[in-house]
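Read the structure below first, then the notes.
The values are calculated or read from the model by the stated rules, or taken from the named source; none is laboratory data. Model, not experiment: these values are computed from the prediction. When we count neighbours, we look across all protein chains shown, and the Cβ atoms used for this are built from the backbone with ideal geometry, even at glycine.
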Amino acid sequence: MSKSALVILAPGFEEIEGITVIDVLRRAEFDVVVAGTVPGTIVAARKTRHLADLDISEVVHRDFDIIVLPGGADGVSHLKKDGRVVAMVERQIGLGGWIGAICAAPTLLVEHGFFPQARMICHPTNQKEIPPGRLAEGERVVVEGKLITSLAAGSALEFSLAIVEQLLGPEAVKRVNQGLCARL
């Protein structure tokens, strides 16, 4: 049975974090929907231009096995202010679904009170925003219940493969890695 993933792109998202997740999950045969928080072209952190599959308004009531929030300071700032994104994350958690958040994106979860006890990791510049005792210092990817968090752009491949492993198992990681040739 195929798994479904929603990757949400907002202006200023970190390219490596968004595109790597999309690529790896599609290689793993997830049904990946890329939703943009704005219509048309989405300008990312390094000024590259991207088109989402759909506007987020078209998927707010759809169910997904995982919702992934890429980082990028400006991108996460937009995600935090977007009521549709916050409502979707809240609904996803309520349904017992998975959430993936990388770089600055775990701060959205903290700011909105999601996963109040979970250990997590985020970009070093945002780590002061994680409550004491919850920061998984020195980790690159942290899986805590139905939450997967990761450090930054440099850990995007590890993060993506952790999603594959958690939702599809280690054999799926091996299969996907035949084409990637990543160090596991």
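Here are some notes:
- Some residue of region 148-167 being in contact with a Leu (Cβ under 8 Å, 6 or more places away or on another chain) and over 19 Å from VAL7 (Cα atoms): no
- Those strands (runs of 3 or more DSSP E) lying entirely in region 92-184 with at least 2 residues of a type in the set (A, V, I, L, M, F, W, C) and over 19 Å from PHE30 (Cα atoms): 141-144
- Among (1) within 12 Å of LEU69 (Cβ to Cβ); (2) in contact with a strand residue (DSSP E or B) (Cβ under 7 Å, 6 or more places away or on another chain); (3) buried (at least 22 other Cβ atoms within 10 Å of the Cβ), the one test that ALA104 misses: (2)
- Extreme residue, nearest to the chain's Cα centre (by Cα), among residues of region 136-182 that are surrounded by 15 or more Cβ atoms within 10 Å (Cβ to Cβ) and among the acidic types (Asp, Glu): GLU158
- Residues within region 39-54 that are touching a helix residue (DSSP H, G or I) at 6+ places or on another chain (Cβ under 8 Å) and either closer than 15 Å to LEU69 by Cα or touching a residue at least 60 places away in the same chain (Cβ under 8 Å) (or both), tallied: 2
- The strands (runs of 3 or more DSSP E) located wholly in region 1-87 that include 1 or more residues which are among the aliphatic types (A, V, I, L, M) and surrounded by 15 or more Cβ atoms within 10 Å (Cβ to Cβ) occupy 4-9, 31-36, 41-43, 66-69.
- The requirement of being more than 12 Å from the chain's Cα centre (by Cα) and at pLDDT below 95 is satisfied by PRO132.
- For region 79-120, the set of residues classified as farther than 18 Å from THR37 by Cα and of a type in the set (D, E, K, R) consists of GLU111, ARG119, listed by residue number.
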